[in-house]
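J.: Once you've had a glance at the structure underneath, I'll fire off some questions.
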Amino acid sequence: MLHEFTRPDVADLASGAALLGTGGGGSPYVGRLMAQAAIDRHGPVPVVQVDELDDDSFVVFASMIGAPTVLGEKIPAGTELARAMEVYEAHVGREITHVLPSEVGGLNSTVPLVAAATRGVPIVDGDGMGRAFPEIQMVTPTIHGIPATPMALADEKGNAVVLETIDNHWTERLGRNAVVQMGSVGFAINFAMTAEQVRRAIIPGTLTMATELGRLVHESRHAGLPVVEQVAAALGGSVVFTGKVVDIERRTTAGFSRGTARLDGTDDHAGEVLQLEFQNEFLVALRDGRPIVTVPDLIIVVDEDLGEAITAEDVRYGYRTAVIAAPCHDQWLTPGGLALAGPAAFGYDWERVPVPRPAGTAR
Amino acid sequence: MRIGIDVGGTNTDAVLLDGDVVVGAVKQPTTADVTGGVVNALTTLLEQVDPGAAPPVIEAVMIGTTHFTNAVVEARRLTPTSCIRLAAPATTALPPGTDWPGHLREAAVFSSHVIGGGHECDGRPIAVLDTAALRTIATELADAGVGAIAVTGVHSYIDGSQERQAEEILREVLPDADITLSHMFGRSGLLERENATVLNASLRHLARHTIRSFEEAVSSLGIAAPLFLSQNDGTVMSARAATELPVATFASGPVNSMRGAALLSGLKDCMIVDIGGTTADVGALQRGFPREAAVAVDIGGVRTNFRMPDVLSVGLGGGSRVHFGDAGVTVGPDSVGFRLLEDGLVFGGRTLTASDIAVAANRAAFGDRDAVRHLTEEQIEAALNEIDRLVGAAIERMRTSPTELPTVVVGGGSVLVGAALPGAGDIVRPPHYGCANAVGAAIAQVGADIERVVSLDGRSRHEVIEQASAEAIERCVAAGARPASVEVVDVDEVPVAYVAGGTVRLRVRAIGDLEVTTHAS
C-alpha cells in the first residue's frame, strides 16, 4: 500500500488510470503535470487507508467536471479546488480533513492530488467508481444514499457556486449547466462523508492498485514480458478478443460522444467479429452479435503490442487491439449499483453479462 | 522543370523532373556546412543533362532538410526566446516550458510569462488582453537584447485577434523582433501548440541564415528559380515562409519518400514500403498524401502538435541478420547496418544477412553469389517466407481500408521483397527508387487546414462545414496554391464529450498545385 505520492508515483498512477478509464475519463497528461507541479512545490502527499481514518474525519470528493478536450487547451490555474474547498467549508461550517478521487480512471485520478498538495491534507486510498463513468451521480456513494450536495463548484476566475439539490441526478443536471458557463471546465467538491460512510461506500485501495498497474506496464515492457496479459491478470480479468478495427461510427446525442466500433478477430479469434458500443467509455462488447461484457464490468481496449490504453475518441480504422474484460467492484453488482450504471442506465436493452470473477478476490 | 533535393544525414540527393518524368538523378555526400553538398549535387545533376541540348529551364527548386530538427535534437544554435501566454487567470498551474528537458529549456527559453487574455471554447474572452503587462515585458526584453518572442493565447485557433493585437503592441517597442503567434499552428492542445510556437521562434534566426545560404547555393549555379522547402505533410512552403515557420520542416523526410514513391509508381492510394539497411518503414498513402499519425509527437523530448505521417518501422533491412535455430528462422531485428558492405557474406564478410538470402534466391544480383552456395533450398525458402511474413504483417497492420491496395517498394533494401506478398495486392517496384525522397520534394503541393471547436447552435452541419472549407481553401491560396487546383481533401469531425449541445471538433484540409509564376523572383 502506498504511504505517500511522490513525483514518480504520479506518473505511474496516470498510466494505470489511462487503462482504468475504459476508453473515457480524459487524457491524464495535464492532470499528471499539475499533480507533479503541486508536489514539487508543496511536497509529497500523504496517503491514508480507509481503515486508518479517524472517526471525526470529514472527507470529500475532489474532481474536474467538464470536457477533457477543453482542459487540454484551457489548462487550470491550479487554485480552483482550493477555492471550492474554502467555499464549501464556509457553507457547511466544517473543515475538510481528507480528499478522495471520485474516479480512478482517466484524469480525475490525479486531480485530487493537486487539492491535497495545495491544502496540505492527505488523500484517501480509494475512489467512487474503480474505473471511469461519465456522470456525477454514477459513484458508489449514490448506491448508499449519500447525497452529492452540498456541492461547491469553482472556475479559474474565482467564480464559485454552491448547489443544493433534491437528488444526485439533479446535481448532474444543474452542475453540468454551470460548468458550461464556466467555459466547459469546472472543479467540484462534493459527496461529503464521515469515516464510517467512507468505509461503507468507497472502493478501497484503488489508488495503490492503479499506481501498481502503471508500474507493471512500464516494467513489463522494459522486461519484454507480454504487457497485455500482465495487465489482464493484474485486474483479475482476461483478454477476450484480439482484432483489428474495421469500422467506426460516431454520433453525438445528448452531449455525449456515442458510437460503435467493429473489430475483425485475429489469432485465436480469427473469423469472429467484436462490436464495441461506447458513450465516452466502452460500455458493451458483443461477439458475433451476443453481448460478452457489459457495464459496469470494465472493457479496456489496448494497443496489442504496447498495452497502452486506446480511448474511444482515438479508435481508428486499422488499429490492432486486444480487448480486456475485468470485473467491476462488487458494489456495482447490487440492485442499486446496476440501476445506476448497468446497461439500462445507458439506454441499452441488452441484459448484463457478468464476467467471470476470480475465486477469492473481492474488488 | 523542377529540381528536388533531399539533404539527409549521409547523402544529399538531387533529381531533375520534367513534368512528372525524372530526367536526372544524383547522390552526393552531405557536407558539414550543408551548402557544399547541395552545390555538389546540383553541379553533378546539371552535368548529367545532355550538353548538346538547350539548358533546362528550372521553374522551382524544392529542398527537404533535417537541419532544423537536428538543431532542436542537439539543442544547438537556438535563440533564447521569451514565451508570452495570453491566458491568466487560466493555465497558471503549468507555465510555458513545463515538461521540457532541462538542457533544451536552457537553450531555447529566455523568460516565461502568463498574462491576462485568452478565449473560452465558445469564443467568449477569458479576460481582456493585459496590454500594460505586454508593454512592461517588451521594455524588459528590449533592455536585455532579446528579439525572439512566442505568443500563445488560449483557444487562439478559434480567435487569433488577441495574439495579433499582442504582436502590434510588442512591435511598438521591438520593431524588428522575431515574433511567432501560436494560431499559425492551428490545433487544440495548449502545451503542444505553445511548444511548437516556442521552438519556431527559437529557430527563426538559424532559418534565415540557412535558407539564405541555400538560395546562394542555387543562384551561384545560375539557377534563377524560386526556392521552396518541404513540410511534414507532403506540401511545400516558399523560402520566405520557411524563414517564418522553420518547424514546419520537421519530419519531412519520410513524407517525401512516400510521395516520391507514389509518383514513380503512378499510384495515389497504395501502401508504401521503404526498406533501408536496418528498418522497413511502412505507411499508407491516401489520395497521394501520407496518412497522419494521431498521437502527440516528441521533438528532442518536447511534446508538439505537428502533423506527422503514420509510419510503422519494423526491424527488417538489407543488413538484418539471419539466424537458423531449432524454432525456425529469424530475420532481424538485429542488423549489421552500415557495415553491410564489409560484413555480408556476398561482400566477403562472415555474417549471414537478409541481402545474402536475396542474392541466393536470385531476388538480387550483387556481390559474390558463390559465397552463399552452401545454403539449402529449404533454408532459403524459410528465410524468404519469414521476410515476406514480416513485410506482409506490417502492411496488413497499416492498411487503412478493408480492400487490398497495391504496394510500392522503394529504398536500397527493397530487393528483399519478392514478386508477391500475402495480402499486399500488386507489388510495384518503380524506377529511380533510390531517389524517391528527392522526387517527393520536387512534386510537393501546397496545403492548409482549419481546426475548430464549433457549436452547431441552430446552424446546420452542412453550413458549418461549408464555412470551414471556404476558409481552408482561402488559406491554401494564400499559401501559394493555384486557386483553380485547390480542393478540400479531408473533413474530420469528432463530437466533444461532456458539453451540452451539438459541439464538435472540426478539421478541414485543402490542398492545391503550386502556383509557380506568382513566386517567381
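The values are calculated or read from the model by the stated rules, or taken from the named source; none is laboratory data. From a predicted model like this one, the values you see are computed outputs, not experimental measurements. Neighbour counts are summed over all protein chains in view; Cβ atoms, including those assigned to glycine, are modelled from backbone coordinates with ideal geometry.
J.: If I ask for residues that are on the phi > 0 side of the Ramachandran plot and more than 10 Å from chain A (Cβ to nearest Cβ), which ones from region B:103-120 would you list?
T.: As a first pass, look at region B:103-120 and keep what is on the phi > 0 side of the Ramachandran plot: B:117-118.
Listed by number, the list holds a single entry, B:Gly117.
J.: Filter region B:458-489 down to residues that are within 18 Å of B:Phe289 (Cβ to Cβ) and crowded, with 16+ Cβ neighbours inside 10 Å, then give me how many there are. Steps first, answer last, please.
T.: Step one: of region B:458-489, the residues within 18 Å of B:Phe289 (Cβ to Cβ) are B:469, B:472-473, B:475-476, B:479-482, B:485-489.
So of that shortlist, the ones also crowded, with 16+ Cβ neighbours inside 10 Å come out as B:469, B:472-473, B:475-476, B:479-482, B:486, B:488-489.
Looking only at that region, the number is 12.
J.: Could you check region B:421-454 and list, in sequence order, the residues that are surrounded by fewer than 18 Cβ atoms within 10 Å (Cβ to Cβ) and touching a Gly at 6+ places or on another chain (Cβ under 7 Å)?
T.: B:Pro422, B:Gly423, B:Gly434
Residues checked against (1) touching a residue at least 12 places away in the same chain (Cβ under 8 Å); (2) closer than 20 Å to B:Ser219 by Cβ; (3) aromatic (Phe, Trp, Tyr); (4) surrounded by 12 or more Cβ atoms within 10 Å (Cβ to Cβ):
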residue: B:Asp13; (1), (2), (3), (4): yes, no, no, yes
residue: B:Gln28; (1), (2), (3), (4): yes, yes, no, yes
residue: B:Ala32; (1), (2), (3), (4): no, no, no, no
residue: B:Val57; (1), (2), (3), (4): yes, yes, no, no
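J.: Of the numbered conditions (1) more than 13 Å from chain B (Cβ to nearest Cβ); (2) surrounded by fewer than 21 Cβ atoms within 10 Å (Cβ to Cβ), A:Val59 satisfies every one except a single condition; which is it?
T.: (2)
J.: Just name the residue that is nearest to the chain's Cα centre (by Cα) out of those in region B:258-300 that are at pLDDT 80 or above and under 30 Å from B:Gly97 (Cβ atoms).
T.: B:Ile299
J.: If we keep just the residues of region A:80-131 that are outside any helix (DSSP H, G or I), farther than 20 Å from A:Leu163 by Cα and among the β-branched types (Val, Ile, Thr), which is nearest to the other protein chains (Cβ to nearest Cβ)?
T.: Here the residue is A:Thr110.
J.: Still on this structure, I have one more. Taking region B:508-521 only, how many residues are modelled with pLDDT under 80 and surrounded by 15 or more Cβ atoms within 10 Å (Cβ to Cβ)?
T.: Going residue by residue through region B:508-521, those that are modelled with pLDDT under 80 are B:515-521.
Checking which are surrounded by 15 or more Cβ atoms within 10 Å (Cβ to Cβ) leaves us with B:515-516, B:519.
Result for region B:508-521: 3.
J.: Can you tell me which of (1) out of contact with any Pro (no Cβ under 6 Å at 6 or more places or on another chain); (2) assigned to a helix (DSSP H, G or I); (3) surrounded by 24 or more Cβ atoms within 10 Å (Cβ to Cβ) is the one B:Thr43 doesn't meet?
T.: Condition (3) is where B:Thr43 drops out.
J.: I've got another one for you. Pairs, please: C-beta under 7 Å, at least 6 apart or cross-chain, first residue under 25 Å from B:Arg204 (Cα atoms) and more than 14 Å from chain A (Cβ to nearest Cβ) and in region B:121-150, second among the β-branched types (Val, Ile, Thr) and part of a loop (DSSP other than H, G, I, E, B)?
T.: Pairs found: B:Ala148/B:Thr79.
J.: Can you tell me which residue is surrounded by the most Cβ atoms within 10 Å (Cβ to Cβ) among those in region A:1-20 that are at pLDDT below 95 and assigned to a loop (DSSP other than H, G, I, E, B)?
T.: Within region A:1-20, the match that is surrounded by the most Cβ atoms within 10 Å (Cβ to Cβ) is A:Leu2.
J.: Could you grab me the full set of residues in region A:228-240 that are touching a Ser or Thr at 6+ places or on another chain (Cβ under 8 Å) and not in a helix (DSSP H, G or I)?
T.: A:Gly236 - this is the single residue of region A:228-240 that is touching a Ser or Thr at 6+ places or on another chain (Cβ under 8 Å) and not in a helix (DSSP H, G or I).
J.: Which condition from (1) within 13 Å of another protein chain (Cβ to nearest Cβ); (2) under 27 Å from B:Gly117 (Cα atoms); (3) not small (Gly, Ala, Ser) is the one that A:Ile39 breaks?
T.: The single condition A:Ile39 does not satisfy is (2).
J.: Further question on the same structure: Under the condition of being touching a Leu at 6+ places or on another chain (Cβ under 8 Å) and not polar (S, T, N, Q), which residue from region B:151-165 is nearest to the other protein chains (Cβ to nearest Cβ)?
T.: Taking region B:151-165 first, the residues touching a Leu at 6+ places or on another chain (Cβ under 8 Å) are B:151-154, B:156, B:160, B:162-165.
Filter once more, so that each one left must be not polar (S, T, N, Q): B:151, B:153-154, B:160, B:163-164.
On the way: B:Val151: 16, B:Gly153: 10, B:Val154: 5, B:Gly160: 14, B:Glu163: 14, B:Arg164: 19 Å.
Per the stated criteria, the residue is B:Val154.
J.: Please work out which one of (1) part of a loop (DSSP other than H, G, I, E, B); (2) out of contact with any helix residue (DSSP H, G or I) (no Cβ under 9 Å at 6 or more places or on another chain); (3) of a type outside the set (Phe, Trp, Tyr) is the condition B:Asn362 fails and give its number.
T.: B:Asn362 satisfies every listed condition except (2).
J.: Is it the case that region B:223-233 has a residue that's farther than 20 Å from B:Glu396 by Cα and touching an Asp or Glu at 6+ places or on another chain (Cβ under 6 Å)? Can you show your working first?
T.: Let us first name the residues in region B:223-233 that are farther than 20 Å from B:Glu396 by Cα, namely B:223-233.
So of that shortlist, the ones also touching an Asp or Glu at 6+ places or on another chain (Cβ under 6 Å) come out as B:225, B:227.
Checked against the condition, which is being farther than 20 Å from B:Glu396 by Cα and touching an Asp or Glu at 6+ places or on another chain (Cβ under 6 Å), region B:223-233 yields at least one hit.
J.: Across region B:391-444, which residue is nearest to B:Gly315 (Cα to Cα) among those that are within 14 Å of chain A (Cβ to nearest Cβ) and assigned to a helix (DSSP H, G or I)?
T.: So, considering only residues that are within 14 Å of chain A (Cβ to nearest Cβ) and assigned to a helix (DSSP H, G or I), the one nearest to B:Gly315 (Cα to Cα) is B:Ala394.
J.: I'd like to check something: does region B:321-328 contain any residue that is under 19 Å from B:Val415 (Cβ atoms), of a type in the set (Lys, Arg) and part of a helix (DSSP H, G or I)?
T.: So in region B:321-328, the residues under 19 Å from B:Val415 (Cβ atoms) come out as B:321-322.
Among the residues that remain, those that are also of a type in the set (Lys, Arg) are: B:321.
Of the ones still in play, those that are also part of a helix (DSSP H, G or I) are none.
Among the residues of region B:321-328, not one is under 19 Å from B:Val415 (Cβ atoms), of a type in the set (Lys, Arg) and part of a helix (DSSP H, G or I), which makes the answer no.
J.: To continue, here is another question. Count, please, the residues in region A:175-211 that happen to be of a type in the set (A, V, I, L, M) and within 17 Å of the chain's Cα centre (by Cα).
T.: If we filter region A:175-211 for residues that are of a type in the set (A, V, I, L, M), which is where we start, we get A:178-180, A:182, A:185, A:188-189, A:192-193, A:195, A:198, A:201-203, A:207, A:209-210.
Filter once more, so that each one left must be within 17 Å of the chain's Cα centre (by Cα): A:185, A:188-189, A:201-203, A:207, A:209-210.
Residues flagged as of a type in the set (A, V, I, L, M) and within 17 Å of the chain's Cα centre (by Cα) within region A:175-211 amount to 9.
J.: Collect the residues in region B:396-420 that are surrounded by 24 or more Cβ atoms within 10 Å (Cβ to Cβ) and either modelled with pLDDT under 85 or touching a Leu at 6+ places or on another chain (Cβ under 7 Å) (or both), keeping them in residue-number order.
T.: To start, the set of residues in region B:396-420 that are surrounded by 24 or more Cβ atoms within 10 Å (Cβ to Cβ) comprises B:407-411, B:413-414, B:416-417.
Within region B:396-420, B:Thr407, B:Val408, B:Gly411, B:Gly413, B:Ser414 qualify.
J.: Could you list, in sequence order, the residues of region B:147-192 that are part of a helix (DSSP H, G or I), touching a Lys or Arg at 6+ places or on another chain (Cβ under 6 Å) and farther than 15 Å from B:Leu129 by Cβ? Explain how you work it out, then say what you get.
T.: From region B:147-192, those part of a helix (DSSP H, G or I) are B:161-173, B:182-185, B:190-192; that's our starting set.
When the remaining residues are screened for being touching a Lys or Arg at 6+ places or on another chain (Cβ under 6 Å), the result is B:182, B:185, B:192.
Within region B:147-192, B:Phe185, B:Glu192 qualify.
J.: Does region A:277-295 contain at least one residue that is in contact with a Phe, Trp or Tyr (Cβ under 7 Å, 6 or more places away or on another chain), assigned to a loop (DSSP other than H, G, I, E, B) and farther than 27 Å from A:Gly145 by Cβ?
T.: Looking through region A:277-295, none of the residues is in contact with a Phe, Trp or Tyr (Cβ under 7 Å, 6 or more places away or on another chain), assigned to a loop (DSSP other than H, G, I, E, B) and farther than 27 Å from A:Gly145 by Cβ.
J.: When you look at A:Leu274, is it at pLDDT 85 or above, away from every other protein chain (no Cβ under 14 Å), more than 23 Å from the chain's Cα centre (by Cα) and assigned to a strand (DSSP E or B), yes or no? Break it down stepwise before answering.
T.: On the way: at pLDDT 85 or above: yes; away from every other protein chain (no Cβ under 14 Å): yes; more than 23 Å from the chain's Cα centre (by Cα): yes; assigned to a strand (DSSP E or B): yes.
Yes, satisfied.
J.: So, one more: For B:Trp100, which of the numbered conditions (1) within 14 Å of another protein chain (Cβ to nearest Cβ); (2) free of Cβ contacts under 8 Å to residues at least 40 places away in the same chain; (3) aromatic (Phe, Trp, Tyr) fails to hold?
T.: (2)
J.: Can you name the number of the only condition in (1) buried (at least 19 other Cβ atoms within 10 Å of the Cβ); (2) out of contact with any helix residue (DSSP H, G or I) (no Cβ under 9 Å at 6 or more places or on another chain) that A:Glu249 fails?
T.: (1)
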